[in-house]
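Just below is one structure, and these are the notes that go with it.
The values are calculated or read from the model by the stated rules, or taken from the named source; none is laboratory data. Only a predicted model underlies this, so the values are computations on that prediction, with no experimental measurement involved. As a convention, Cβ positions derive from the backbone with ideal geometry for all residues, glycine included, and neighbour counts pool all protein chains shown. Only protein heavy atoms, including side chains, enter the accessible area calculation; ligands, DNA and RNA are left aside. Shrake-Rupley method; radii C 1.70, N 1.55, O 1.52, S 1.80 Å.
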Amino acid sequence: MNDTFYRATQALKKLSDIYGRSSNSPAPKKLTETQIDRIGELYQQGYTKAAISREMGLAQSTIYNAVRRFIRSEVL
């Protein structure tokens, strides 16, 4: 095996240690169906994603993803 290739593969193995979650950090929480339904209701009532985020105490990215899932479920 080429020495450069070997060093590159070893470096890739260490990336999760450097950038990943440490073993003692908590796993991210998942939204409940009730929360997703509430987010969908607020969105349908005309609330902005930022307003829903403030209302529910969740990150805007979480709200964005939940609204996207809600919209997809309505279309299907």
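May I ask you to verify whether residue 15 is in a helix (DSSP H, G or I), surrounded by 10 or more Cβ atoms within 10 Å (Cβ to Cβ) and either at pLDDT 75 or above or not charged (D, E, K, R) (or both)?
Details: in a helix (DSSP H, G or I): yes; surrounded by 10 or more Cβ atoms within 10 Å (Cβ to Cβ): no; either at pLDDT 75 or above or not charged (D, E, K, R) (or both): yes.
No.
I'm trying to understand the selection: among the residues of segment 38-48, which are of a type outside the set (A, V, I, L, M) and either in contact with a His (Cβ under 8 Å, 6 or more places away or on another chain) or open to solvent by less than 70 Å² (accessible area, probe 1.4 Å) (or both)?
40, 46
Collect the residues in segment 51-70 that are of a type outside the set (Ser, Thr, Tyr) and open to solvent by 70 Å² or more (accessible area, probe 1.4 Å), keeping them in residue-number order.
Going residue by residue through segment 51-70, those that are of a type outside the set (Ser, Thr, Tyr) are 51-52, 54-60, 63, 65-70.
Within segment 51-70, 54, 55, 60, 68, 69 meet the criteria.
Any residue in segment 31-49 that is closer than 14 Å to residue 62 by Cα sitting within a Cβ distance under 7 Å of a residue that is of a type in the set (Phe, Trp, Tyr) and open to solvent by 80 Å² or more (accessible area, probe 1.4 Å)? List the pairs, counting only those 6 or more apart or interchain.
Final answer for the pair search is 49/64.
Would you check if there is a residue in segment 26-37 being of a type in the set (Asp, Glu), at pLDDT below 90 and surrounded by 10 or more Cβ atoms within 10 Å (Cβ to Cβ)?
First, the residues of segment 26-37 that are of a type in the set (Asp, Glu): 33, 37.
Pick out the ones that are also at pLDDT below 90 and you get 33, 37.
This time we only want the ones that are surrounded by 10 or more Cβ atoms within 10 Å (Cβ to Cβ), so: 37.
Yes, that holds for at least one residue.
Can you confirm whether segment 50-61 contains a residue that is on the phi > 0 side of the Ramachandran plot and either at pLDDT 85 or above or among the acidic types (Asp, Glu) (or both)?
Yes - at least one qualifying residue is present in segment 50-61.
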